[in-house]
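Okay, structure first, notes after.
The values are calculated or read from the model by the stated rules, or taken from the named source; none is laboratory data. Because the structure is predicted, anything quoted here is derived from the model rather than measured. Counting neighbours? That spans all protein chains shown, and the Cβs are built from the backbone with ideal geometry, glycine included.
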Amino acid sequence: MDFDYDVIIAGAGIGGKVLGLKLAKAGYSTLLIDMKPREKIGLKVCGDGISASYFDKIGIPKPQGDELASVIYASEVISPDKKHKLIVKGEGYTIDRLKFEQRLLNDALKSGAGLMDETSVLRPIVKNNFVHGVVVKNLKTGEVREIRGRVTVDATGQAGALRIRLPNDMILEKHIDKFDIAAAYRDIVEFDYDPGWGKESIYIYLSHKYAPGGYTWIFPKGKRIANIGLGVQPVKNGPTPVKLLKKFYEDWNIKPSKTIHTGGGFVPVRRPLSQIALNGMILVGDSASQANPLHGGGMGHAMIGAYIASMVISDGLERKTGILDINDLWPYAVEYMQADGAKNASLEIIRILLQGFTDEEINFIMKERIVSGEELYQIESKPKESGGVWSKIIRAVMHGKFGLLNRLRIAKDLYSKIHEAFENYPENPKDIVEWHNKVNKIVKEARDKLWRNPVEHTYLK
Ligand SMILES: Cc1cc2nc3c(=O)[nH]c(=O)nc-3n(C[C@H](O)[C@H](O)[C@H](O)COP(=O)(O)OP(=O)(O)OC[C@H]3O[C@@H](n4cnc5c(N)ncnc54)[C@H](O)[C@@H]3O)c2cc1C
């Protein structure tokens, strides 16, 4: 069979470009396809914040020069009543996302990757339960054509442009439930006065009043520029993100002199999809739901997914000829779930727990110092070592708040159970359905017992 490329990557976002760069560097013929024109690839509405921890791990140079807006050393989490603060230490950056991603694109192209820009990926080519490549449309000429590859990658972000067009029997989950998608909106604004934020911190405001089921953020980009936005759970009768952000500005007396850019988007905030490898195809980044369910940060996770995928694909292309099948690509899923997916799955339980807390409960937890910044960091990043932290939290609310105590106990149990399930992701694709059902049962229990509609308990009382 003839192939146009070893690997076809649909979507030249952050995940697609890191994968394209790694594979092209390793000598495989690689094609990136994106609907945007070349100079706008990487122009994505975003909070622009990323932890420093990813770059060395996957061998991508850190943001530098004009890609870098600020170096951040801590996240300050502010309570709904504005009276209490948790400080979570950790190094990170606010970036100029377009400039950072243009650098990744240039590096991928210099390493030998091909690029088709202004080209829309219409659907996968599917034959005998195998993905053979993609059908694309050139947006300048209208020409439609097929491109064939030994591996096809859906890296089209939350659109999941290939995933949603697969036959039903090829993949377990084609669509992401609205319940698990955050609707986010943000401005990049400038001030003609010193707004008084330390530019070495980012600020997270917890309150369902401004961001039902999510949070509001201020990410400084230098002294007088900031990325200010919010993410909400899009439940019925919820206020629109644009209105909510306006209210946040008013109540916090934030008065920018100029709006540099404004826009919204969606992020999947759930555990990774159960199946991210199939015959001839894998999913990477938001299309595989690899973003952090607690805060929606997905750039670093897409890079980790791409890095692991690059090693598994290289290995498969080296070992055999022709299309890589599900067994060749399955190690990507196993390694990703163990390295990153298990942690994110635990954070989905925390997300559901927090969405069910009232503002009063969050004020109580922060006022009584039931959890510290360091402990919050431990729960977010080290699920296996956080048993002691959970026990301390539960002891601290033992007196009086019985409803809260009960939910915390349930959350602790489900947080550990789902982590263990993801650490034991099936080595054999044949076992995936049974595993998927087991995980769904854990998530259903969390939704039934922990979640309460953040709009109802805030606005419709
Ligand atoms: C408002 C907002 C704020 C956010 N803030 C942060 C943050 O501060 N930090 C963080 O880490 N993450 C943040 N995220 C999430 C982050 O942007 C994503 O998780 C990340 O971009 C995922 O990378 P990706 O490569 O999977 O997809 P993307 O970066 O979305 O890239 C997908 C690419 O595919 C292309 N594409 C899509 N469909 C097609 C098609 N049919 N044909 C051709 N090309 C196609 C797109 O043009 C795009 O270039 C935020 C998201 C939003 C919406």
_Residues located in segment 226-253, provided they are within 16 Å of the ligand (Cβ to nearest atom) and within 20 Å of Ser75 (Cβ to Cβ)_ = Ala226, Asn227, Ile228, Gly229, Leu230, Gly231, Val232, Leu245, Phe248
*Would you point out which residue out of Lys199, Lys223 is within 22 Å of Gly49 (Cα to Cα), touching a strand residue (DSSP E or B) at 6+ places or on another chain (Cβ under 6 Å), of a type in the set (Lys, Arg) and away from the ligand (no atom under 13 Å from the Cβ)?*
Lys199
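So is Arg165 of a type in the set (Lys, Arg), away from the ligand (no atom under 15 Å from the Cβ) and either in the same structural domain as Leu317 (by TED's automatic domain parsing) or closer than 22 Å to His295 by Cβ (or both) or not? Break it down stepwise before answering.
Values: of a type in the set (Lys, Arg): yes; away from the ligand (no atom under 15 Å from the Cβ): no; either in the same structural domain as Leu317 (by TED's automatic domain parsing) or closer than 22 Å to His295 by Cβ (or both): yes.
In short, no.
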*State the number of residues belonging to segment 440-461 that are crowded, with 18+ Cβ neighbours inside 10 Å and either of a type in the set (A, V, I, L, M) or part of a helix (DSSP H, G or I) (or both).*
5
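Checking the condition crowded, with 24+ Cβ neighbours inside 10 Å, touching a residue at least 60 places away in the same chain (Cβ under 8 Å) and in contact with a Gly (Cβ under 8 Å, 6 or more places away or on another chain), which residue from Val7, Val45, Val18 passes? Steps first, please.
On the way: Val45 fails: crowded, with 24+ Cβ neighbours inside 10 Å; Val18 fails: in contact with a Gly (Cβ under 8 Å, 6 or more places away or on another chain).
Just a single option satisfies the conditions, and that option is Val7.
Name the residue that is nearest to the ligand (Cβ to nearest atom), counting only residues in segment 1-51 that are within 26 Å of His132 (Cα to Cα) and among the basic types (Lys, Arg).
Applying the first criterion (within 26 Å of His132 (Cα to Cα)) to segment 1-51 yields 1-38, 41.
Filter once more, so that each one left must be among the basic types (Lys, Arg): 17, 22, 25, 36, 38.
On the way: Lys17: 8, Lys22: 14, Lys25: 18, Lys36: 5, Arg38: 11 Å.
Looking at residues that are within 26 Å of His132 (Cα to Cα) and among the basic types (Lys, Arg), I get Lys36.
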_So, in segment 270-286, how many residues would count as being within 12 Å of the ligand (Cβ to nearest atom) and over 24 Å from Lys430 (Cβ atoms)?_
2
*For Pro256, state whether it is of a type outside the set (S, T, N, Q), crowded, with 21+ Cβ neighbours inside 10 Å, more than 10 Å from the ligand (Cβ to nearest atom) and part of a loop (DSSP other than H, G, I, E, B).*
no
_Checking the structure you have, find out if any residue of segment 409-421 is free of Cβ contacts under 8 Å to residues at least 60 places away in the same chain, more than 22 Å from Phe179 (Cα to Cα), touching a Phe, Trp or Tyr at 6+ places or on another chain (Cβ under 9 Å) and buried (at least 16 other Cβ atoms within 10 Å of the Cβ)._
no
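Conditions (1) of a type in the set (Val, Ile, Thr); (2) away from the ligand (no atom under 15 Å from the Cβ); (3) more than 23 Å from Asn428 (Cα to Cα); (4) assigned by TED's automatic domain parsing to the domain that holds Ile276, marked per residue:
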| residue | (1), (2), (3), (4) |
| --- | --- |
| Ala302 | no, no, yes, yes |
| Gly305 | no, no, no, yes |
| Glu318 | no, yes, no, yes |
| Ile349 | yes, yes, yes, no |
| Leu354 | no, yes, yes, no |
| Thr358 | yes, yes, yes, no |
| Ile365 | yes, yes, yes, no |
| Arg369 | no, yes, yes, no |
*In segment 52-64, is there at least one residue being farther than 25 Å from Leu139 by Cα, away from the ligand (no atom under 11 Å from the Cβ) and among the hydroxyl-bearing types (Ser, Thr, Tyr)?*
yes
*asked:* Regarding segment 115-124, can at least one residue be identified that is away from the ligand (no atom under 13 Å from the Cβ), in a strand (DSSP E or B), buried (at least 17 other Cβ atoms within 10 Å of the Cβ) and not hydrophobic (A, V, I, L, M, F, W, C)?
replied: no
_Conditions first: (1) closer than 30 Å to Asp315 by Cβ; (2) surrounded by fewer than 22 Cβ atoms within 10 Å (Cβ to Cβ). Val144 passes all but one, so which condition is the exception?_
(1)
